[in-house]
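Please treat every number below as a calculation from the coordinates, not as lab data. Please read these numbers as outputs of a predicted model, since none were measured by experiment. Here the Cβ is made from the backbone with ideal geometry for all residues, glycine too, and neighbour counts use every protein chain on show.
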Amino acid sequence: MYLIKILILFAIFVLCSFIGKIIAGKFKSRLEELKELKNSLNIFKTKIKFTYSPIPEIFDEIGKNSSKNVGKIFTSAKEKMKNKTAGEAWKESIESTNSNLNDDDKKTLQMLSKMLGEADLDGQVGQIDITLNFLEKQIQNAEEEKNKNAKLYSKLGTIIGLAIVIMLF
């Protein structure tokens, strides 16, 4: 009976530590997604500026070459462009894709939808540049949050697990 109690307490400790690490990992994942989105938008800007490829083709290529969540955004936008304008498709794909981005990140990315596919080449490139500038600020904020909160949540999970074990022991 005593051995079962020790095993349960150990499981509680490990579970709490694991939950803390998962929460801490979300800060890191958000930062990585923002950086990848920035790189993807730079690729988009370059391709739209120099290759004159249609937006759905560019989105398809970026979607295939990007990681899971970022790739889903571009692939989803490409699929939605069959029935909607490029701006509407981009906005809806940002909203519907399950990612680690927060609301401010999504609003920043949705700014691109204003002129996507609607303006001339210079207008679209200008809007991408504006979005990239705002995205850079979001990356800086995500970096600060990660540095401040990732260790906190990781250690907090371990401490809470230890406190529960001590109280139940």
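Restricting segment 44-68 to residues that are free of Cβ contacts under 8 Å to residues at least 24 places away in the same chain and closer than 18 Å to residue 105 by Cβ, the residue that is surrounded by the most Cβ atoms within 10 Å (Cβ to Cβ) is 62.
Contact map, segment 16-43: residues that are more than 10 Å from residue 139 (Cα to Cα) paired with residues that are of a type outside the set (Val, Ile, Thr) and not in a helix (DSSP H, G or I), Cβ distance under 7 Å, separation 6+ or inter-chain. Pairs shown: 26/100; 29/100; 36/66; 36/67; 40/66.
Among the conditions (1) touching a residue at least 60 places away in the same chain (Cβ under 8 Å); (2) surrounded by 15 or more Cβ atoms within 10 Å (Cβ to Cβ); (3) not aliphatic (A, V, I, L, M), residue 71 misses just one, which is (1).
Name the single residue, out of those in segment 143-169 being of a type in the set (A, V, I, L, M) and touching a helix residue (DSSP H, G or I) at 6+ places or on another chain (Cβ under 7 Å), that is farthest from residue 102 (Cα to Cα). If we take residues in segment 143-169 being of a type in the set (A, V, I, L, M) and touching a helix residue (DSSP H, G or I) at 6+ places or on another chain (Cβ under 7 Å), then 168 is farthest from residue 102 (Cα to Cα).
Residue count for segment 64-90, restricted to those that are over 22 Å from residue 118 (Cβ atoms) and either small (Gly, Ala, Ser) or not in a helix (DSSP H, G or I) (or both): 3. Residues in segment 85-118 that are without any contact (Cβ under 8 Å) to a residue 40 or more places away in the chain and closer than 22 Å to residue 52 by Cβ: 85, 86, 87, 89, 90, 113, 114, 115, 118.
When residue 118 is tested against (1) of a type outside the set (Gly, Ala, Ser); (2) outside any helix (DSSP H, G or I); (3) crowded, with 18+ Cβ neighbours inside 10 Å, just one condition goes unmet, and that condition is (3).
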